[in-house]
């Protein structure tokens, strides 16, 4: 059984457990060993064979057409991003086109991210390793990267840095979202030693991440609000926008835009150069 097929089986089981019998018109109540639908119930509702679906969930190397997967996805009430995740794991959709390097160079991206200052901006890969951040970003989130680590990673620092946990006011929604984005990207990197090693390390040091990862939640890219408290100026509110870089599909540009006039006025006061001069 391949790692990708094993991941497919775990994803299906997690999503099946999320659907209550009452949600699909079946009688509820009674004693069930596990939450959600039984395998035979899902197979019947999707119009597929029980044995075939059992093999699919067990990660066996069976063929799954788009039409059949669509029936399973509909029964499981998958969102568009979850449906795409299912297709990728089942190898029923084309893989991402090969990376192109002649559309733009990474040196250009560095200049662009610096030019966005005074807006905080950062380029990461899909594993959330920080590739390049401008000075506005480094100044705003300076306290989030104090502990020694193998590499600077947005998710690692938010989860493991006490300052990040204290200063990110909507921590309870941000961390599950980032974990869901990581799970979505993982479908294309199953078996990659760098990914697998990082995930093992993070699960070893963070029971919280282990619990989030076990839920197999996936998330689509969406603009969102981030609320942080800065030691110098107090609460700030930003709209976080993710911008894809087609020439480098594994890179993402994140830009933090003030969500209100109060934040816009306070943002210049977060610069470390100003703080140092006034000290």
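No lab work stands behind these numbers, since they all come straight from the coordinates. The shown structure was predicted, so the numbers you read here are calculated from the model rather than taken from an experiment. No Cβ is skipped: glycine too gets one built from the backbone with ideal geometry, and neighbour counts run over all protein chains shown.
Data for the structure
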read-out	value
Max mean-square fluctuation residue, GNM over the chain, Cα-Cα springs under 10 Å, options 117, 139, 192	192
The chain - mean residue ellipticity at 222 nm from DSSP helices (-39,500 (n - 2.57) per run, n ≥ 4, rounded to 500)	-13000 deg cm²/dmol
Fluctuation leader among 227, 201, 32 - the chain, Gaussian network, Cα springs under 10 angstrom	32
Angle between the chain longest axis and helix 106-115 axis [Cα atoms, degrees, rounded to 10]	60
Virtual spin-label span in nm between residue 264 and residue 208, 7 Å along Cα→Cβ	3.3
Those residues of segment 36-66 whose amide nitrogen sits under 14 Å from the label point placed on residue 10, 7 Å along Cα→Cβ	58-59
Whole-Å distance, taken between Cα centres, linking segment 232-270 and segment 124-178	13
Linear extension gain, residue 152 paired with residue 44, 0.36 nm per residue minus alpha-carbon span	34.1 nm
In degrees, nearest ten, helix 193-205 long axis to first principal axis of the chain (Cα)	80
Inter-site label distance for residue 32 and residue 111 at 7 Å from Cα along Cβ, in nm	5.8
Over segment 3-89, volume per residue of the alpha carbon convex hull, in Å³	88
Relative contact order of the chain, defined on C-alpha pairs under 8 angstrom at six or more residues apart (%)	17
Alpha carbon convex hull of the chain, volume per residue in cubic angstrom	161
Helix 80-89 axis, angle to the chain major axis (alpha carbon atoms, nearest 10°)	70
Nearest-0.05 FRET efficiency for residue 273 and residue 194, computed from C-beta distance (R0 25 Å)	0.10
